[in-house]
Protein chains: 2
Amino acid sequence: MVDILHKVGIKSPVAEVYSALTTPEGLSAWWTTDTQGKGNDIGGVLQFRFAAGGFDMKVLELEQGKRVLWEAVDGPQEWIGTHVRWDLEQVDDYTVILFKHEGWKEPVEFMHHCSTKWAVFLMSLKSLVETGKGAPDPHDVKIDNWN
Amino acid sequence: MVDILHKVGIKSPVAEVYSALTTPEGLSAWWTTDTQGKGNDIGGVLQFRFAAGGFDMKVLELEQGKRVLWEAVDGPQEWIGTHVRWDLEQVDDYTVILFKHEGWKEPVEFMHHCSTKWAVFLMSLKSLVETGKGAPDPHDVKIDNWN
């Protein structure tokens, strides 16, 4: 089992970051414009769609302002059963996110791609909360020959 | 042992990317402006300096246009003995880089930070080769409360 790890610090109150991770309005403004479902109920499912496909994420844990945990229940085979974990903490002027996409079976090329792409989307989330403007798909920063 | 993985695709001939990874001129234009040493000799040491400190990388392997492998021989304790591996391949119009920073002992917060920061610097490398302008330290994109 191998994991993708990232850290980002956002100059904002933690409530704004938590909202951007738990509402379709927030998620659609930094990850993909085509986001539907329920992000603020345990057991709810969020549907994220991109030009090339998409992911369904089941909400496993929620702790207001502290933690969000999803399980990928549909999408690319490599993602199914993996967990996406968001741990939030206020540190001085920042909301610090420790991000983990856990449970990849093998460090395949697609995992390399997703790791870099997650970083790009985390920077989109940071930009959204700090400036009001993110770069969700299809306006996302392209990183390689896949996207 | 845990690894940082990334993938980036750069619209350029592989020779240009290889040069940006093996010459102080190239490295100083995307990673840190304060880069010295020898990057194109096996056994050579590159010195990368940042405001907060730096890294010394010993060149372990070089294969023209295909691979670069460094070992961190000085720097933060968590980096010492880790390997930074660059595998290059021409795919259609792209030079595809599979990047690995291998051999972290523990998935500490600093590893999360470095993973995101590597992605930012890989995008700086992509920008340098594609447009002529990278964003090396101290002009790098800031990601969190550390840098």
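The values are calculated or read from the model by the stated rules, or taken from the named source; none is laboratory data. Fair warning: this is a prediction, and the values are worked out from it, not measured in the lab. Positions of Cβ are generated from backbone atoms using ideal geometry, with glycine treated the same way; all protein chains shown enter the neighbour counts. Protein only, heavy atoms only, side chains kept; ligands, DNA and RNA dropped before computing areas. Shrake-Rupley method; radii C 1.70, N 1.55, O 1.52, S 1.80 Å.
Observations, loosely collected:
- Looking across the stretch B:17-31, the residues that are open to solvent by less than 30 Å² (accessible area, probe 1.4 Å) and in a helix (DSSP H, G or I) come down to B:VAL17, B:TYR18, B:ALA20, B:LEU21, B:THR22, B:GLY26, B:LEU27.
- Within the stretch B:26-46, residues that are under 17 Å from B:SER124 (Cβ atoms) have Cβ atoms under 6 Å from residues that are open to solvent by less than 40 Å² (accessible area, probe 1.4 Å) and charged (D, E, K, R) in these pairs: B:THR32/B:ASP137, counting only partners at least 6 apart in sequence or on another chain.
- Against the numbered list (1) out of contact with any Gly (no Cβ under 6 Å at 6 or more places or on another chain); (2) within 14 Å of chain A (Cβ to nearest Cβ); (3) touching a residue at least 24 places away in the same chain (Cβ under 8 Å), B:TRP70 comes up short only at (2).
- Residue check, B:LYS11 among the basic types (Lys, Arg), within 14 Å of chain A (Cβ to nearest Cβ) and touching a strand residue (DSSP E or B) at 6+ places or on another chain (Cβ under 9 Å): yes
- Breaking point among (1) open to solvent by less than 40 Å² (accessible area, probe 1.4 Å); (2) under 12 Å from B:ASP3 (Cα atoms); (3) out of contact with any strand residue (DSSP E or B) (no Cβ under 9 Å at 6 or more places or on another chain), for B:GLY134: (2)
- B:VAL2 being within 13 Å of chain A (Cβ to nearest Cβ) and at pLDDT below 95: yes
- Subset of the stretch A:81-92 [within 11 Å of chain B (Cβ to nearest Cβ) and of a type in the set (Val, Ile, Thr)]: A:VAL91
- Options B:VAL8, B:VAL59: the member that is in contact with an Asp or Glu (Cβ under 6 Å, 6 or more places away or on another chain), in a strand (DSSP E or B) and either touching a residue at least 12 places away in the same chain (Cβ under 8 Å) or polar (S, T, N, Q) (or both): B:VAL8
- Qualifying residues in the stretch B:62-90 (those that are among the aliphatic types (A, V, I, L, M), assigned to a strand (DSSP E or B) and open to solvent by 40 Å² or more (accessible area, probe 1.4 Å)) - the one nearest to B:MET111 (Cα to Cα): B:VAL73
- Within the stretch B:32-61, the set of residues being of a type outside the set (A, V, I, L, M), open to solvent by 50 Å² or more (accessible area, probe 1.4 Å) and over 22 Å from B:GLU109 (Cα atoms) comprises B:THR33, B:ASP34, B:GLN36, B:LYS38, B:ASN40, B:ASP41, B:GLN47, B:LYS58, B:GLU61.
- A:GLY75 falls short on exactly one of the conditions (1) touching a Gly at 6+ places or on another chain (Cβ under 7 Å); (2) on the phi < 0 side of the Ramachandran plot, and that condition is (2).
- Complete set of residues in the stretch B:3-16 that are under 16 Å from B:LYS117 (Cβ atoms) and open to solvent by 50 Å² or more (accessible area, probe 1.4 Å): B:ASP3
- Qualifying residue in the stretch B:86-102 (condition: under 17 Å from B:THR22 (Cβ atoms) and free of Cβ contacts under 8 Å to residues at least 60 places away in the same chain): yes
- Per the conditions (1) in contact (Cβ under 8 Å) with a residue 60 or more places away in the chain; (2) open to solvent by 40 Å² or more (accessible area, probe 1.4 Å); (3) within 9 Å of chain A (Cβ to nearest Cβ), the sole criterion not satisfied by B:VAL141 is (1).
- Subset of the stretch B:120-138 [hydrophobic (A, V, I, L, M, F, W, C), more than 9 Å from every other protein chain (Cβ to nearest Cβ) and touching a helix residue (DSSP H, G or I) at 6+ places or on another chain (Cβ under 8 Å)]: B:LEU125, B:LEU128, B:VAL129, B:ALA135
- Whichever residue in the stretch A:93-119 is in a helix (DSSP H, G or I) and within 7 Å of chain B (Cβ to nearest Cβ) and, among such residues, is most open to solvent (accessible area, probe 1.4 Å): A:GLU109
- In the stretch B:32-53, of all residues being at positive phi and in a strand (DSSP E or B), the one that is modelled with the highest pLDDT corresponds to B:GLY37.
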